[in-house]
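The values are calculated or read from the model by the stated rules, or taken from the named source; none is laboratory data. These figures come from a predicted structure and were not determined experimentally. When we count neighbours, we look across all protein chains shown, and the Cβ atoms used for this are built from the backbone with ideal geometry, even at glycine. With ligands, DNA and RNA removed, areas are computed over all heavy atoms of the protein, side chains included. Shrake-Rupley method; radii C 1.70, N 1.55, O 1.52, S 1.80 Å.
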Amino acid sequence: MIGQVRRFNRTVTQRVGALDDAFLARDRPLGQARLLWEIGPDGSDVRLLRSRLDLDSGYLSRLLRSLENDGLVVVEQSRTDGRVRTARLTGHGLAERAELDRRSDDVATSILRPLSARQRTRLITAMAEVERLLVASTVQVTVCDPRHPDARFCLRAYFSELSHRFDAGFDPARSISADDDELSPPAGLLLVATLHSEPVGCGALKFHDDAPAEIKRMWVAPTARGLGVGRRLLTDLEAHAAARQVRTVRLETNRALGEAIGLYRAAGYREVAAFNDEPYAHHWFEKSLA
């Protein structure tokens, strides 16, 4: 599998011209051209550029400096926050970006033109699937303090979504508790999934000595759905539970969350009788861990 990935990478980098010092014959390497495109006509926060492109801050600074020296970009400090810098394209930068767009279209056309209609459809479908899976591979899942801003963001979004989707809304104060102390080691833990340094999902565990552990706060951002983030969070939670010698995990859910119910069943959870008095639950699930 590793060999196939490497062959694919070599083919793609050669076919799109990434090996050339002058990408698309514009006297600049691919990194600079990609950064021009990412800054866009409206400009961009430098920190967002770094996270979206997964670039080292020093390398990004060198790329920006090169574009500045060519008169294509200006980097300005925010008037309200000295820690924030914004990159903007100059008039020459906008013209260069437009030319790069035109030449990129030409390269895409040159890839598609030799193929039959059926081959083009197969290629575009395969590209979409590869793109989705590559994005999924960049998601990171880590244990996070529930007081961290990323965790707070996820939990607020989770509560908000439940309030909109549940028939009678959702009030965390009425639900079985899962507060900060309960989601902090050793009582429990919270996992946060991030994509390009932005939080896109969470899931939590509450431990109960020799009793089954509870899975709580499972949520995935709408923008990250379809990437397998929910399954990955669930698998990692089970692994953390197993590492604590937990033999069984339990969870409850609302009938409005059909996709969550499907995930749990597909992951080997079996529906059982109600084991708590959660007022928002309609289904209770359990899974034995090997």
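Residue-by-condition table, conditions (1) among the hydroxyl-bearing types (Ser, Thr, Tyr); (2) within 26 Å of His240 (Cβ to Cβ); (3) in contact with a helix residue (DSSP H, G or I) (Cβ under 8 Å, 6 or more places away or on another chain):
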site	(1), (2), (3)
Pro114	no, no, no
Glu131	no, no, no
Thr142	yes, yes, no
Asp145	no, yes, yes
For the range 249-258, state whether one or more residues are open to solvent by 40 Å² or more (accessible area, probe 1.4 Å), in contact (Cβ under 8 Å) with a residue 12 or more places away in the chain and under 22 Å from Ala221 (Cα atoms).
-> yes
Within the range 165-198, which residues are of a type outside the set (Lys, Arg) and in contact (Cβ under 8 Å) with a residue 60 or more places away in the chain?
-> Phe166, Asp167, Phe170, Ser175, Ile176, Leu195, His196, Ser197, Glu198
Collect the residues in the range 237-290 that are β-branched (Val, Ile, Thr) and under 21 Å from Gly201 (Cβ atoms), keeping them in residue-number order.
-> Val249, Thr253, Ile261
Residue check, Pro146 part of a loop (DSSP other than H, G, I, E, B), open to solvent by 20 Å² or more (accessible area, probe 1.4 Å) and either at pLDDT below 95 or not aromatic (Phe, Trp, Tyr) (or both) = no
Sole miss for Leu189 among (1) within 30 Å of Arg50 (Cβ to Cβ); (2) surrounded by fewer than 19 Cβ atoms within 10 Å (Cβ to Cβ); (3) of a type outside the set (S, T, N, Q) is condition (2)
In this structure, is Arg255 out of contact with any Lys or Arg (no Cβ under 8 Å at 6 or more places or on another chain) and among the basic types (Lys, Arg)?
-> yes
Residues that are hydrophobic (A, V, I, L, M, F, W, C) and modelled with pLDDT of 95 or more: find the strands (runs of 3 or more DSSP E) completely inside the range 178-290 holding 3 or more of those.
-> 188-195, 198-208, 211-220
Given (1) open to solvent by 40 Å² or more (accessible area, probe 1.4 Å); (2) among the small types (Gly, Ala, Ser); (3) over 27 Å from Phe23 (Cα atoms), Ala157 misses just (1)
